[in-house]
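Below is one structure, written out as C-alpha cells; the observations come after it.
Read the figures in this text as sums done on the coordinates, not as results from a lab. Computed from a predicted structure; not experimentally measured. Ideal geometry is used to build each Cβ from the backbone, glycine not excepted, and the neighbour counts take in all protein chains shown.
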Amino acid sequence: MPSWKLGGKGALLGAELLCLPLEDMAPRIVEHPTDLLVSKGEPATLSCKAEGRPSPAVEWYKDGERVETDREDPRSHRTLLPGGSLFFLRILHGRRGKPDEGVYVCVARNYLGEATSRNASLEVAERKICKSEGK
C-alpha cells in the first residue's frame with residue numbers, strides 16, 4: 001500500500017496521506033463580461049471572474065483607460081466587487097456625454113502574469129419621450 005504523509009495517520013483505514021504544496025498558477029479568466037444595454041440612472045454589473053494562485057488582482061479598463069472605483073475615490077459610483085466584477089450604482093448619462101458608455105475589459109494579474117477578458121460594450125439606452133397625436 002502506498003505511503004502518503006500528512007504529519008499523521010488519516011482516518012480512512014489508517015492510511016497515511018501526503019499533502020503536496022499547491023503550485024502557483026498564472027491568472028486565467030473563467031467568466032468574461034458580456035455586452036450590456038442599460039438605461040441611464042439604472043444599476044449595472046459587468047461580470048468578470050478570474051482564477052490563479054496566488055489569487056489575481058483584477059482591474060477594469062474602459063476604452064483603454066483604467067477605471068477608477070470607490071477604492072480610489074469614495075465619491076465614485078463604481079465598485080469593484082470581491083469576485084472581480086464591476087458594479088455601477090447608477091449609469092451616468094448627461095448633456096456632456098455618456099461617461100459610462102464604452103468598451104470594457106477586465107485584467108487579472110499576479111506575479112506569474114496577466115489575463116485579459118474579452119471586450120464588453122456598455123451602451124446607455126436613450127429614453128424617448130412619446131407624445132400622443134392631437135394632445
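Points worth noting:
- For segment 45-57, the set of residues classified as surrounded by 15 or more Cβ atoms within 10 Å (Cβ to Cβ) and closer than 18 Å to Ser121 by Cα consists of Leu46, Ser47, Cys48, Lys49, listed by residue number.
- Scanning segment 36-61 for residues that are in contact with a Pro (Cβ under 9 Å, 6 or more places away or on another chain), in a strand (DSSP E or B) and touching a residue at least 60 places away in the same chain (Cβ under 8 Å) returns Leu46, Ala50, Gly52.
- Considering Ala115, Ala120, the condition of being under 13 Å from Pro27 (Cβ atoms) and touching a strand residue (DSSP E or B) at 6+ places or on another chain (Cβ under 8 Å) is satisfied by Ala115 alone.
- Qualifying residue in segment 63-83 (condition: in contact (Cβ under 8 Å) with a residue 40 or more places away in the chain, surrounded by 14 or more Cβ atoms within 10 Å (Cβ to Cβ) and in contact with a Lys or Arg (Cβ under 7 Å, 6 or more places away or on another chain)): no
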